[in-house]
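Remarks on the structure that follows.
The values are calculated or read from the model by the stated rules, or taken from the named source; none is laboratory data. Note that the structure is predicted; figures quoted are calculated from it, not measured. With ideal geometry, Cβ positions are generated from the backbone for all residues, glycine too; neighbour counts draw on all protein chains shown. Side chains are part of the model used for accessible areas, which takes the heavy atoms of the whole protein and leaves out ligands, DNA and RNA. Shrake-Rupley method; radii C 1.70, N 1.55, O 1.52, S 1.80 Å.
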Amino acid sequence: MLSPDLPLTRVETAEWGAPATDPADYATIRSYAPYDNIRRMGADRQMPSILVTAGGLDQRVSVWQPAKWVARLREQGGYADSASASKLLFLPTMNKGHFYSESGNTTGDYAGNGFANAHSLVNAFFITQVSKKA
């Protein structure tokens with residue numbers, strides 16, 4: 001949102017404001033930005049397990065953005081201990097785009113089994129986490 005050269009910056013100004021030129025808009029977005037609001041967690045706090053996915057061909061969210069967030073969570077968010085019950089998994093799929101779409105496919109169609117396979121993994125992760133609580 002700070003670079004007018006990015007494809008979505010100009011068209012989303014009406015929704016998100018203009019953080020590059022308006023300090024109030026910048027402060028509002030920063031107040032809920034996931035990367036900027038990770039607080040150092042103590043050993044006494046149980047963090048939720050998280051499965052983070054990313055697509056190397058995603059034109060909306062570059063793959064490095066969730067990777068950077070995961071690295072910061074591991075550093076500051078209480079996921080550094082491998083013996084912890086909370087898991088933080090990062091699954092980049094370099095040949096997929098937003099919502100596991102194929103390269104160049106902007107119609108929302110999910111060709112092949114990639115979409116089903118990806119969602120099977122997400123569902124399996126969810127089931128393992130819910131069944132731990134039961």
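Condition check ((1) at positive phi; (2) open to solvent by 70 Å² or more (accessible area, probe 1.4 Å); (3) modelled with pLDDT of 65 or more) across all residues:
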{"residue": "92", "(1), (2), (3)": "no, no, yes"}
{"residue": "96", "(1), (2), (3)": "no, no, yes"}
{"residue": "100", "(1), (2), (3)": "yes, no, yes"}
{"residue": "103", "(1), (2), (3)": "no, yes, no"}
{"residue": "111", "(1), (2), (3)": "no, no, no"}
{"residue": "121", "(1), (2), (3)": "no, yes, yes"}
{"residue": "129", "(1), (2), (3)": "no, no, yes"}
{"residue": "133", "(1), (2), (3)": "no, yes, no"}
Open item on the list: Looking only at segment 76-90, count every residue that is modelled with pLDDT under 85 and of a type in the set (D, E, K, R) and tell me the total.
Closed with: 1
Open item on the list: Can you report the number of residues in segment 68-77 which are under 11 Å from the mean Cα position of the chain (by Cα) and surrounded by fewer than 14 Cβ atoms within 10 Å (Cβ to Cβ)?
Closed with: 1
TODO: Please go through segment 39-74 and pick out each residue that is within 25 Å of residue 9 (Cβ to Cβ), β-branched (Val, Ile, Thr) and either modelled with pLDDT of 90 or more or part of a strand (DSSP E or B) (or both).
DONE: 52, 53, 63, 70
TODO: Specify which of the listed residues (20, 14) is touching a residue at least 12 places away in the same chain (Cβ under 8 Å), open to solvent by 60 Å² or more (accessible area, probe 1.4 Å) and either assigned to a loop (DSSP other than H, G, I, E, B) or more than 25 Å from residue 78 (Cβ to Cβ) (or both).
DONE: 20
